[in-house]
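This report concerns only the one structure given below.
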Amino acid sequence: AQKVNYFIANSKNVAGRIKKFYRRDSVVIYPPVELPKTGEVKKGDYYLVTSRIVGGKGLDLAVKAAVKLGIKLKIAGKPAGYYLEYKKLTQLAKKNVEFLGYVTDEELAKLYKGAKAFLALATDEDFGITPVEAQLSGTPVIAFRGGGYKESVIEGKTGIFFNEPTVESLIGAIRKFEKTRLNPEDCISQGKKFSKERFERQIREFINKHAGTS
């Protein structure tokens with residue numbers, strides 16, 4: 001790690017880890033976020049999660065919260081490993097929870113647009129592409145207050161945070177969201193800050209600045 005000339009981190013969260021473990025500074029360049037173009041999609045009444053179905057992603061919180069509140073939840077993503085997490089979740093779920101399995105990029109883009117809100121549940125995500133994709137689609141985010149989510153979601157403008165990785169805390173955030181009016185255009189504007197064009201420009205600027213130096 002000490003022989004590396006320059007570090008680029010994909011979030012302030014990761015830059016903090018580089019500083020903590022390597023004792024090195026880094027430049028933050030957020031990753032590019034892009035979705036396939038879709039036509040108009042009518043807003044639905046469901047909440048959306050997209051994730052590989054493995055432990056540690058907070059999916060159980062979403063399922064339990066949906067069951068307690070009686071809200072519709074769609075989970076896009078295929079099971080991984082030995083399917084243990086998937087089996088556990090299906091046992092917890094009721095009819096209002098739908099497991100979609102693998103979806104194409106085009107299908108996912110439509111799901112984002114149609115969702116009432118997107119749930120971002122991991123407790124220490126490096127950056128988190130999916131909440132940005134949701135915002136780019138005009139869909140607000142309900143996110144755990146941790147990791148890279150704090151860098152992409154604007155509280156009270158493009159989303160709502162919950163503070164504890166518990167069902168009760170998530171339910172509180174969902175109830176708060178239900179009483180809050182968030183503008184889809186604000187979400188789209190925030191999502192556009194993480195564009196492919198911005199990423200390419202920042203990478204080129206970084207390379208040009210440091211070319212030939214060590």
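The values are calculated or read from the model by the stated rules, or taken from the named source; none is laboratory data. The structure presented is a predicted model; accordingly, all values stated were derived computationally and were not measured. Every residue, glycine among them, receives a Cβ derived from its backbone with ideal geometry; neighbour counts consider all protein chains shown. These accessible areas exclude ligands, DNA and RNA; they are computed on the full protein's heavy atoms, side chains included. Shrake-Rupley method; radii C 1.70, N 1.55, O 1.52, S 1.80 Å.
Numbers for the structure displayed
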| item | result |
| --- | --- |
| Value of D in µm² per second that Stokes-Einstein yields for region 1-93, Kirkwood Rh from Cα pairs, at 20 °C (1.002 mPa s) | 127 |
| Order by protection proxy (mean Cβ within 10 Å, highest first), peptides 110-119, 60-69, 186-195 | 110-119, 60-69, 186-195 |
| Relative compactness, region 79-156, computed as alpha-carbon Rg over 2.2 N^0.38 Å | 1.20 |
| Spatially proximal aspartates and glutamates relative to Lys19 (Cα-Cα < 16 Å; intrachain offsets below 8 disregarded) | Asp126 |
| Choice from Thr50, Thr123, Thr180 showing the highest fluctuation, given a GNM over the chain with Cα pairs closer than 10 Å | Thr180 |
| Lysines with Cα under 18 Å of Lys94, excluding same-chain neighbours fewer than 8 positions away | Lys64, Lys68, Lys72, Lys74 |
| Region 1-60: relative contact order as a whole-number percent, Cα under 8 Å and 6+ apart | 25 |
| Rg and Dmax [Cα atoms of region 90-214; Å; Rg one decimal, Dmax integer] | 17.0, 60 |
| Full-stretch length increase - Lys209, Val28 - with 0.36 nm per residue and alpha-carbon distance subtracted | 63.7 nm |
| Ordering of 156-163, 10-17 by packing [mean C-beta count within 10 Å, highest first] | 156-163, 10-17 |
| Segment Phe21-Asp45, length gained on full extension (0.36 nm per residue, minus Cα span) | 4.3 nm |
| Span from the region 109-164 Cα centroid across to the region 21-36 one, whole angstrom | 18 |
| Leading residue at positive end of dipole, the chain (Cβ point charges), from Thr38, Asn13, Ser137 | Asn13 |
| The chain, relative contact order [Cα under 8 Å, separation at least 6], % | 21 |
| Over the chain - Rg/Rh using Cα atoms and the Kirkwood inverse-distance radius | 1.00 |
| DSSP-loop chymotrypsin sites (Phe, Trp or Tyr not before Pro) across region 1-105, with at most 11 other Cβ within 10 angstrom | Tyr82, Tyr102 |
| Accessible surface of region 5-62 [probe 1.4 Å, protein heavy atoms]: carbon and sulfur percent | 52 |
| CD proxy at 222 nm, helix term only [per DSSP H run n ≥ 4: -39500 (n - 2.57); per residue of the chain; nearest 500] | -12000 deg cm²/dmol |
| Inter-site label distance for Phe7 and Leu100 at 7 Å from Cα along Cβ, in nm | 3.6 |
